[in-house]
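Notes follow the structure.
Read-outs: derived from the displayed coordinates by stated rules, not from any lab. The shown structure was predicted, so the numbers you read here are calculated from the model rather than taken from an experiment. Here the Cβ is made from the backbone with ideal geometry for all residues, glycine too, and neighbour counts use every protein chain on show.
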Amino acid sequence: MHEQGKSASQMDISRKNAKDSVDAEIPDETLLVLYANGDEDAARLLTQRLTPKVFGHAYRLLGDRAEAEDVSQEALLRLWKIAPDWRQGEAKPSTWLYRVVANLCMDRLRKRRSVGLDEIAEPVDGAASAVETLQNTARMDALQNALGILPDRQRQAVVLRHIEGLGNVEIGQIMEISSEAVESLTARGKRALSAALAGRREELGYQDDGY
Amino acid sequence: MTDIKKDDAVLEALFEAAIFDTPPPSDRLMDRVLADALETIPTGPEAADKRSGVGKLGLFGQIINAIGGWPAVAGLATATVAGVWIGIYPNDVVSDVMAQYSGDDSDLYLVDISTSIGSLFEEG
């Protein structure tokens with residue numbers, strides 16, 4: 001029997017919203033155990049939840065969409081493979097993934113450097129950003145370019161801290177360094193970024209915003 | 001505001017914008033990742049056993065499951081402790097019941113462990 005005043009479709013939507021909210025409360029680690037037990041719904045939920053995080057991080061480290069997609073797929077494939085042997089309580093799946101993504105990205109960045117300057121891809125895909133009319137795109141490209149000139153570890157620490165919003169302790173676990181070392185890396189990274197962006201306030205449209 | 005402070009403020013604004021402006025993964029990537037997940041998903045008897053809650057439990061785990069899981073183990077432990085307690089410090093009801101079985105003339109033979117252990121400590 002339907003609740004009074006609610007159509008069947010409204011009931012379906014309510015049920016779906018309730019299910020989504022329950023799904024959102026299930027920790028990644030629990031879903032990974034369910035996945036290891038052969039649960040396909042867990043596979044779908046983990047894919048929806050983790051792929052954007054993994055891809056976003058890879059993109060910020062590499063500045064290249066196609067490469068970031070390849071790295072994301074590879075990192076998640078490693079997670080699927082390790083799932084049956086996952087040691088619960090040691091690290092969050094997202095922490096583990098950030099570490100794998102960083103390692104895969106560093107490998108690619110090293111290979112890029114070894115192929116010579118002429119063959120290096122533009123740090124930001126969509127090199128036509130100079131002619132983009134959207135200011136936000138220009139701002140994001142400016143940030144991505146500035147990130148691209150940082151040493152790899154500084155870039156990783158800055159992205160994890162200031163874009164992914166992680167705390168120093170978790171970043172330390174991901175990078176396998178102390179919280180103090182994380183603090184030092186992010187501070188140096190920010191100084192270098194500020195220097196790289198110095199004098200570009202007007203170009204990026206910040207001159208009228210009190211900056 | 002000094003130039004350095006202005007540059008820092010610009011950087012903070014860019015970080016804030018980047019949090020909300022990180023490009024989403026393409027549908028193609030989502031499909032590829034899910035395809036990998038479903039292709040790699042553990043199947044077969046072991047995963048089925050895990051789904052049904054049995055399988056790689058080991059002998060101890062299987063024994064615990066056989067007697068009803070951890071609640072049953074807790075019950076057994078409580079009963080054991082209670083039995084030891086009654087054995088050491090029997091109350092009148094226990095003594096009376098035992099007397100009915102063994103006859104009024106017989107005394108119960110009780111072992112006073114606490115005294116024995118105490119004397120051990122005293123002797124060093």
*Order of A:Val33, B:Val10 - criterion: other Cβ atoms within 10 Å of each residue's Cβ, fewest first*: A:Val33, B:Val10
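Order by neighbour count: A:Glu183, A:Glu69, fewest other Cβ atoms within 10 Å first, most last.
Numbers: A:Glu183 15, A:Glu69 22.
Result, fewest neighbours first: A:Glu183, A:Glu69.
Just rank A:His57, A:His162, fewest to most, by other beta-carbon atoms within 10 angstrom. Numbers along the way, then the final one.
Working: A:His57 27, A:His162 20.
With the sparsest Cβ surroundings first, the list reads A:His162, A:His57.
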*In the neighborhood of A:Gly172, defined by Cβ-to-Cβ distances under 13 Å, what is the net charge if each Lys or Arg adds +1 and each Asp or Glu adds -1?*
-1
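Hey, which of these cross-link pairs are over 29 Å Cα-Cα: A:Lys53/A:Lys81; A:Lys53/A:Lys111; A:Lys111/A:Lys190; A:Lys53/B:Lys5; A:Lys92/A:Lys190; A:Lys92/B:Lys5?
Working: A:Lys53/A:Lys81 19 Å; A:Lys53/A:Lys111 24 Å; A:Lys111/A:Lys190 26 Å; A:Lys53/B:Lys5 31 Å; A:Lys92/A:Lys190 27 Å; A:Lys92/B:Lys5 37 Å.
In this structure, A:Lys53/B:Lys5; A:Lys92/B:Lys5 lie more than 29 Å apart at Cα.
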